[in-house]
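The values are calculated or read from the model by the stated rules, or taken from the named source; none is laboratory data. Quantities reported herein were computed from a predicted structural model and do not represent experimental measurements. Cβ placement follows ideal geometry from the backbone for every residue including glycine, while neighbour counts extend to all protein chains displayed.
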Amino acid sequence: MSRTSAQIADLAGTHENGKAQRYIQLMLLVLAAGAIYPVLYLRQVYQSTMLEVFAISNTELGYLYSMLGTLFLVSYLPSGWLADRIAPRYLISFSLVTTGLLALWYSTAPGFDSLLVIYAGWGISTGLTFWASVIKRVKMIARHSEQGRFFGVLDGGRGLVEALLATVAIALFAYATETQGQSVKVGFTHVVYLYAATCIVIGVLMLGVRDPKARVEDDSPAEHQKNNLLRDLKTLARIPELWLVAAIVFCGYHIFWATYSFSAYLQEGGFGLSAVMAGTITTVKLWMRPIGGIGGGYLGDKFSNISVLIAALALATLGMLGLIVFPALNSLAVLIALVIFIGLLTYAIRGLYWAILDNCQIPLRITGLAIGIISVVGYSPDVFIPLVNGWIADAFPGFLGYQIYFGYIAVIGTLGVIAALTLQKRIGNKAGH
């Protein structure tokens, strides 16, 4: 009789060399995920500096990120396929070291043609060889009863690492440019060096950590040779639970995207908040990531991952409706609390929607491919939400535009709750047989 991925995960946990080793691996994965992406998105803090250092326009910067996003989208499916054929830790190590080496090239402030090559390389090293490998790796080292907390720690811990690195980076930049009186180019170089060195060091460490135990279906060339991509895709396409998870990620990711508009909403919604005040509130929201991600994961393991996810989706959707009717509430304190609360729920959702995959009875052999399929569907909002948001903002300026946009997000959030309830029912029915 074939084992489910959940049974295999429990088997691995039973024979592991020790709980500490799995947690050490989880911490390395948290560090990897927290370190690898910020260097790609330094524009969040240093956009004006980047334009000056690289001597490029906003339009050219847009081209770089458009290409990066496109590469991510086309990489998700082959990323999963690759993670099923090469041990994830090797792929993760390659991704980190390659990203770090490209960052060193980036620090030399090369021309635009070279920047295109660097961003294309980052698209491959953080998309094709990294994404599905990390998700699969976490799923492999976590027992069935630990899926919620492990994925919660991954997302929450990643946010904490990003925040800490960003704090160190801005301190280095300020020291170079203000204390030492050096150029912004020198300061920016120090920032890139920090991220490059962090990626390379963690990449090397990943190579030195062995698996807790050789998995039944892991790293077996003979098993991989039996794989047939078309047959595997057909197998996955026949699993309704997989498509429900994809729908949940799709809807949950909409809510996450809505949080990108909170700062502008606070400034332009007629609440009398300055840019500094709005920025402070949204920064506090960012610090909700470790709390929401880790807390949601632990609650999921204690009660039920799918039940906690349903509650978080429902409450976040209600929060969006609260932002729409805010003028009737007439309380700035309530508005600030609502923004932070939605942020907390959003990160709980992100920490849980990969944990529920363990209940879908997907063979471990093709789990990476399943992650790839879910990612293509679930993260497709990256392509069209900016267009939807921009069109609504231009067509309905001011507070009305935000009401319409958040209303759209609330509708999608409701669909997410329905998808999660449907998945919960299907899982319950199968468990009852």
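When you scan the range 311-379 for helices (runs of 4 or more DSSP H) that lie fully inside it, which ones turn up with 2 or more residues that are assigned by TED's automatic domain parsing to the domain that holds Val411 and within 23 Å of Ala33 (Cβ to Cβ)? Talk me through it step by step, then tell me what you get.
On the way: elements: 326-329, 332-352, 367-378.
Once the helices (runs of 4 or more DSSP H) in the range 311-379 are filtered for at least 2 residues that are assigned by TED's automatic domain parsing to the domain that holds Val411 and within 23 Å of Ala33 (Cβ to Cβ), what remains is 332-352, 367-378.
Of all positions in the range 271-293, none carries a residue that is closer than 20 Å to Pro397 by Cα, assigned to a helix (DSSP H, G or I), in contact (Cβ under 8 Å) with a residue 40 or more places away in the chain and not hydroxyl-bearing (Ser, Thr, Tyr).
Thr70 meets the stated requirement of being within 18 Å of the chain's Cα centre (by Cα), modelled with pLDDT under 85 and more than 19 Å from Cys199 (Cα to Cα). Residues in the range 53-66 that are in a helix (DSSP H, G or I) and surrounded by 15 or more Cβ atoms within 10 Å (Cβ to Cβ): Val53, Phe54, Leu61, Tyr63, Leu64. Counting only residues that are farther than 26 Å from Leu40 by Cβ and part of a helix (DSSP H, G or I), the range 142-177 holds 6 of them.
Just checking, which of Ala109, Ala132, Ala166 is in contact with a Pro (Cβ under 9 Å, 6 or more places away or on another chain) and surrounded by fewer than 20 Cβ atoms within 10 Å (Cβ to Cβ)?
Details: Ala109 fails: in contact with a Pro (Cβ under 9 Å, 6 or more places away or on another chain); Ala132 fails: surrounded by fewer than 20 Cβ atoms within 10 Å (Cβ to Cβ).
Testing whether each residue is in contact with a Pro (Cβ under 9 Å, 6 or more places away or on another chain) and surrounded by fewer than 20 Cβ atoms within 10 Å (Cβ to Cβ) leaves just Ala166.
Taking the conditions (1) within 19 Å of Phe151 (Cα to Cα); (2) surrounded by fewer than 16 Cβ atoms within 10 Å (Cβ to Cβ) in turn, Ile349 satisfies each one other than (2). The helices (runs of 4 or more DSSP H) found wholly in the range 183-268 and carrying at least 2 residues that are at pLDDT below 80 and surrounded by fewer than 19 Cβ atoms within 10 Å (Cβ to Cβ) occupy 221-225, 262-268. Do we find that Ala166 is modelled with pLDDT under 85 and not acidic (Asp, Glu) in this structure? Yes, satisfied.
Filtering the range 372-412 to residues that are among the hydroxyl-bearing types (Ser, Thr, Tyr) and more than 19 Å from the chain's Cα centre (by Cα) leaves Tyr402, Tyr405, Tyr408.
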